[in-house]
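Undergrad: Take a look at this one; I'll ask things after.
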Amino acid sequence: MAASGKLSTSRLPPLPTIREIIKLFRLQATKQLSQNFLLDLRLTDKIVRKAGNLANAYVYEVGPGPGGITRSILNADVAELLVVEKDTRFIPGLQMLSEAAPGKLRIVHGDVLTFKVEKAFSESLQRPWEDDPPNVHIIGNLPFSVSTPLIIKWLENLSCRDGPFVYGRTQMTLTFQKEVAERLAANTGSKQRSRLSVMAQYLCSVRHIFTIPGRAFVPKPEVDVGVVHFTPLIQPKIEQPFKLVEKVVQNVFQFRRKYCHRGLGMLFPEAQRLENTGRLLELADIDPTLRPRQLSISHFKSLCDVYRKMCDEDPQLFAYNFREELRQRKSKKKERG
């Protein structure tokens, strides 16, 4: 507990331990929801310290569960903590924390994938995008099942400056399976380099801060857990619509062991595939024999900028989906057969 003493002079009164809360309310992690509880308050304190200075901050915690990280956030002397929890079994334990920290903890029974965080805090907290990040933070020990769709959703919000980013460049400190954490932070050329690496890094400064061993969780997951910190960039490294960047990046990485021209070809209908892929690579000045993981963010910027021009020339192009073309071809073969 010595480590947590560094957080704040304003401490919660004595409370049952998280382990006791779990016993008291007969809580069990639900496998279908990929729940894993973090009981070691030294580790929850460390996550909160790595989020930055939270004194008088407004914090949105996702997936609080039995309230381990919640306690550490409250001990950091925040102005207000909003928790959104989908599982009703955890609400009584969180209410106990709310009573121990009067006026500090707001509990919402809801789904983080649909919750409107842009309406959660006062408009007075909003900061111009070019300023320092606002005094609003997102922290969470995410269930593995929602972590990837949720970070993609938030990255899209970030690119549009809506959702949690109406307040400005809101920082996020989140847990992921270690492999996902490594992908998010992977550099160009790394074996872990992936779609997630590019989508996160063109919009944010991404740091894989530390790894928590699986044995620290109850029940113990089969993997270790990585804590990742995101700070939105003032200027995105690719200035194109999120969906366009996502389409280019997804196509490149769907054939991650092939040369990059293989995936890029899938952006174009078969009839013009060879010609248009060659044109895209030539105009973007990309070596067609680079592997997807060898492409830097600046490579992707060139590809997205050229692809955007090609879509402007041919308004039907962006809607093209090669899988749909394959389906249609197969159904025609069946009809003929």
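Undergrad: Within region 72-80, does at least one residue satisfy the condition of being open to solvent by 10 Å² or more (accessible area, probe 1.4 Å) and over 17 Å from R11 (Cβ atoms)?
TA: Checking region 72-80: at least one residue is open to solvent by 10 Å² or more (accessible area, probe 1.4 Å) and over 17 Å from R11 (Cβ atoms).
Undergrad: Given the structure, is V225 outside the structural domain of D45 (by the TED database) and surrounded by 21 or more Cβ atoms within 10 Å (Cβ to Cβ)?
TA: Taking the combined requirement at face value, the residue does not satisfy it.
Undergrad: How many of the residues making up region 108-118 are touching a strand residue (DSSP E or B) at 6+ places or on another chain (Cβ under 7 Å) and open to solvent by 60 Å² or more (accessible area, probe 1.4 Å)?
TA: Residues meeting the conditions: 1.
Undergrad: Give the residues of region 97-115 that are part of a loop (DSSP other than H, G, I, E, B), touching a helix residue (DSSP H, G or I) at 6+ places or on another chain (Cβ under 8 Å) and modelled with pLDDT under 95, sorted by residue number.
TA: A101, V112, L113
Undergrad: Taking G168 and the conditions (1) at positive phi; (2) of a type in the set (G, A, S); (3) surrounded by fewer than 20 Cβ atoms within 10 Å (Cβ to Cβ), which numbered condition does it fall short on, given that it satisfies the others?
TA: Unmet for G168, out of (1) at positive phi; (2) of a type in the set (G, A, S); (3) surrounded by fewer than 20 Cβ atoms within 10 Å (Cβ to Cβ): (3).
Undergrad: When the residues of region 124-140 are filtered to those that are in contact (Cβ under 8 Å) with a residue 12 or more places away in the chain and polar (S, T, N, Q), which remaining residue is farthest from T231 (Cα to Cα)?
TA: Q126
Undergrad: Restricting attention to region 81-107, and to residues there that are open to solvent by 40 Å² or more (accessible area, probe 1.4 Å) and charged (D, E, K, R), which single residue is nearest to I151 (Cα to Cα)? Write out each step before concluding.
TA: Applying the first criterion (open to solvent by 40 Å² or more (accessible area, probe 1.4 Å)) to region 81-107 yields 86, 88-89, 92, 95-96, 99, 102-104, 106-107.
Checking the rest, the ones that are also charged (D, E, K, R) come to 86, 89, 99, 104, 106.
Values: K86: 17, R89: 25, E99: 31, K104: 26, R106: 23 Å.
Per the stated criteria, the residue is K86.
For (1) open to solvent by 40 Å² or more (accessible area, probe 1.4 Å); (2) in contact with a Pro (Cβ under 9 Å, 6 or more places away or on another chain); (3) not assigned by the TED database to the domain that holds R193, each residue gets a yes or a no:
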residue: S296; (1), (2), (3): no, no, yes
residue: F300; (1), (2), (3): no, no, yes
residue: R308; (1), (2), (3): yes, yes, yes
residue: F322; (1), (2), (3): no, yes, yes
residue: Q328; (1), (2), (3): yes, no, yes
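Undergrad: I want to confirm something. Restricting to region 119-144 and keeping residues that are assigned to a helix (DSSP H, G or I) and surrounded by fewer than 15 Cβ atoms within 10 Å (Cβ to Cβ), which single residue is modelled with the lowest pLDDT?
TA: For region 119-144, the residue satisfying everything is K119.
Undergrad: Could you list all residues from region 45-60 that are surrounded by 23 or more Cβ atoms within 10 Å (Cβ to Cβ) and not in a loop (DSSP other than H, G, I, E, B)?
TA: D45, I47, V48, V59, Y60
Undergrad: Are there any pairs, at least 6 apart or on different chains, whose C-beta atoms fall under 6 Å, with the first in region 175-193 and assigned by the TED database to the domain that holds K46 and under 16 Å from V249 (Cα atoms) and the second open to solvent by less than 40 Å² (accessible area, probe 1.4 Å) and among the charged types (D, E, K, R), and if so, which?
TA: Close Cβ pairs satisfying both conditions: A186/R193.
The values are calculated or read from the model by the stated rules, or taken from the named source; none is laboratory data. These numbers were taken from a predicted model, which means no experiment stands behind them. No Cβ is skipped: glycine too gets one built from the backbone with ideal geometry, and neighbour counts run over all protein chains shown. Note: areas computed on protein heavy atoms with side chains; ligands, DNA, RNA excluded. Shrake-Rupley method; radii C 1.70, N 1.55, O 1.52, S 1.80 Å.
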